1. What is the extension gain from residue 77 to residue 31, computed as 0.36 nm multiplied by their sequence separation minus the C-alpha to C-alpha distance, in nm to one decimal?
2. Separation between the residue 50 and residue 1 pseudo-spin-labels, each 7 Å from Cα along Cα→Cβ, expressed in nm?
3. If you take the C-alpha gyration tensor of segment 39-91, multiply each eigenvalue by 5 and take the square root, what semi-axes do you get, largest first, in whole Å?
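Every read-out reported here was derived from the displayed coordinates using simple, explicitly stated rules and does not represent laboratory data. In this text, all values refer to a predicted model and were calculated from it rather than measured experimentally. Here the Cβ positions follow ideal geometry from the backbone for every residue, glycine too, while neighbour counts run over all protein chains shown.
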Amino acid sequence: MTLGELLPLVAIAAVFWFLLIRPISVRRKAQAKLVAALAPGQHVMTTAGVFGTLVAIDGERVRVEVAPGVEIEMLAQALAQIVPGAAPAADEAPDPLGAGAPGAELPDVTTESAQESAGEADRG
């Protein structure tokens, strides 16, 4: 086999390495670093997008409090990231609709047909 015949095979192997194997290795190292940095009291996000506070670490398993008094047990590998900043207290949790804010009004989500039906019911 000559160098000219071997070069395309080496190029394909190099592309395979940089596109498939290397990114997986980098992700695996980052996940191991994350798991090593876990400590109780940290605010974390799971790979499913659930936020909570890390309560306990037991080897490969962790317990995460997702609501006051509600803890779930999962593998440490299922944690996606440590969220910077402290978790808000249950009574201070922001309302996504802003309904709890003083002077805030809920948006009118009724459709025109629902409003017309309501108007007919008032008349008749």
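1. In short, 15.8 nm is gained.
2. 5.0 nm
3. 16, 12, 10
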